[in-house]
Structure formats: structure tokens, C-alpha cells
């Protein structure tokens, strides 16, 4: 609750856009709209009908297992280093869009000890974990394709790691000289698993589409995180079950496919991490 209390003045009511304040186990706006705080510490700030429910329990558990094994450690470190290096000196928060369990946000906050963070996520299964991932991280339920329940100019850093993003909303919530740090998988990312197990591949036009979406921003940095990792069958299962392929493959499908591949299997991690600042400043 301490982190939520610390960032509540950066939030706004998703219904009327008014300010929010703590009121016992809920957040309340002047118009009387109230939002209950879950016992795990997160709060759902969804105005109206929920269009997206995010990852299910199976996907969130798989993601927590895979990330917890350290396979994306260099990616988390790169995100943290770039955020700390390029963020303005003000007290703006770090907003992690579609932040899942808050794994990468936690690393960024460790590298920026004066900042608080906010994980914005649709999945209640992920929010239960994100609310407890770091003492300076709060978590709210929201749809990243809808107007965010975040005040204009509240963020010093916006993180977007492998997730959907509304660039217009990112630009709105960034404060003066704020930056967005984006992680985008390259076509070779985990490609061996696609060939061996099946599933959905990476769109080769992703870098092109990213550049087009951030055309009003100046790119400040671009780093590639590339490495080879050796995965046992359990990690292969987690890698496949945590991503979009999980919506098309059952656990039985995965188990049969994984049983046919060698153990361990060498897999490529290939991710672009870029930093952008709006040119309106």
C-alpha cells in the first residue's frame, strides 16, 4: 500500500479524469467514483466495460518461472541502465505499460532509487504479483489501448517491453524531457523454439513499424541484447506457455512437441532496446 499511496497523486479517475485519494481500502475521486484496493495491494482502474483481460493464470505462472530463472537478466539490466542514463532529473515516476508481473520494472527501480514505479496491466493474475514485486512499485489494472488513468506529465520514464502501446497516450503522460524505453524482439528471437516446437513467429517488419509509430520522437539510443541460452525442457515449456503461442497450444500439445527435441536446446535471445524522447520539448 505504501507505493500506491506514494503515486496516487499521479493517477486519475478513469470515469471523470478527476483526482484520486486514498479512502480506507479504496481510491475515491471528488465525483464519488470509488475503486476497491485488492488485498494484494493493486487497484483496478478500468472505466466501463473491460475489453481485454490479459494473460491467464497459466501464462503468468510460466512467465514468472522463465524470468525467475534469469534468462532475460541482460535485458532487464539494459532497460535499467538506459532508463537511469536518459531520464530527466525530476521526480517523475516510471510507468511500465503491459508490465506483467513487474519483473523488468523492479530492475529499473533498483537502478533509480529515488523513483517510484507504476505497473499498468490488464491481467489480475499478473497484478497480484506486480503489487508485491518491489517496495516502490504500485500496480493498477487498466487497458493500455484506452486512455490511461495516469495524469498528464506524470512519468519521467515509460517502459514498453514486448507489449502493446498507444504512442499518443505515452506522449501525454510523459513529463518534460521524459523518455520511453522500448524492447522489441528481433526476427531471430527464440526462433529455434518456433522451428522445433511450433507457435507464432516474429513479424520481420517490427523495427519498421516501431520507427513509424515513434516518428514524432527523437531516438536517443539503440542497443541490441543478444545472447545464446541453453534451455531444458521445463524452461522451453515456460517460454512457449508465457507468450502468444500459448493461446494456440495446449499443455498436452506442448508436452508432446517438447518431448521430441534435444535437452538442453540452444536458443537465441535477440532484442532491440531503444530510447525515445518526444520532440515537443
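The values are calculated or read from the model by the stated rules, or taken from the named source; none is laboratory data. Quick caveat, the model's predicted, so the values are computed rather than measured. Cβ placement follows ideal geometry from the backbone for every residue including glycine, while neighbour counts extend to all protein chains displayed.
Of the residues that sit in the stretch 125-146 and are surrounded by fewer than 20 Cβ atoms within 10 Å (Cβ to Cβ) and at pLDDT below 95, which one is farthest from residue 166 (Cα to Cα)? Of everything passing the filter in the stretch 125-146, 146 is farthest from residue 166 (Cα to Cα). Restricted to the stretch 33-54, and to residues that are more than 21 Å from residue 103 (Cβ to Cβ) and crowded, with 21+ Cβ neighbours inside 10 Å, which residue is nearest to the chain's Cα centre (by Cα)? Within the stretch 33-54, the match that is nearest to the chain's Cα centre (by Cα) is 45.
Yes/no per residue for (1) touching a helix residue (DSSP H, G or I) at 6+ places or on another chain (Cβ under 7 Å); (2) surrounded by fewer than 22 Cβ atoms within 10 Å (Cβ to Cβ):
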{"residue": "158", "(1), (2)": "yes, no"}
{"residue": "178", "(1), (2)": "no, no"}
{"residue": "188", "(1), (2)": "no, yes"}
{"residue": "192", "(1), (2)": "no, yes"}
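Of all residues in the stretch 225-234, exactly one satisfies the criterion of being in contact with a helix residue (DSSP H, G or I) (Cβ under 7 Å, 6 or more places away or on another chain) and surrounded by fewer than 16 Cβ atoms within 10 Å (Cβ to Cβ), namely 227. So for the stretch 55-69 (the condition being in contact with a strand residue (DSSP E or B) (Cβ under 6 Å, 6 or more places away or on another chain) and buried (at least 19 other Cβ atoms within 10 Å of the Cβ)), does at least one residue qualify? No, the stretch 55-69 contains no residue that is in contact with a strand residue (DSSP E or B) (Cβ under 6 Å, 6 or more places away or on another chain) and buried (at least 19 other Cβ atoms within 10 Å of the Cβ). You will find that of 58, 63, the residue that is in contact with a helix residue (DSSP H, G or I) (Cβ under 7 Å, 6 or more places away or on another chain) and in contact (Cβ under 8 Å) with a residue 24 or more places away in the chain is 58 and no other.
I'd like the full set of residues that are surrounded by 14 or more Cβ atoms within 10 Å (Cβ to Cβ), in a helix (DSSP H, G or I) and out of contact with any helix residue (DSSP H, G or I) (no Cβ under 6 Å at 6 or more places or on another chain), limited to the stretch 78-97. Answer for the stretch 78-97, where residues must be surrounded by 14 or more Cβ atoms within 10 Å (Cβ to Cβ), in a helix (DSSP H, G or I) and out of contact with any helix residue (DSSP H, G or I) (no Cβ under 6 Å at 6 or more places or on another chain): 78, 81, 82, 86.
Taken over the stretch 246-271, the criterion of being modelled with pLDDT under 90, surrounded by 13 or more Cβ atoms within 10 Å (Cβ to Cβ) and outside any helix (DSSP H, G or I) is satisfied by 249, 261, 263.
Applying the condition of being in contact with a helix residue (DSSP H, G or I) (Cβ under 9 Å, 6 or more places away or on another chain) and part of a loop (DSSP other than H, G, I, E, B) to the stretch 5-38 and asking which residue is farthest from residue 125 (Cα to Cα) yields 20.
The residues in the stretch 199-224 that are out of contact with any helix residue (DSSP H, G or I) (no Cβ under 6 Å at 6 or more places or on another chain), at pLDDT below 90 and farther than 17 Å from residue 169 by Cα can be counted, and the count is 8.
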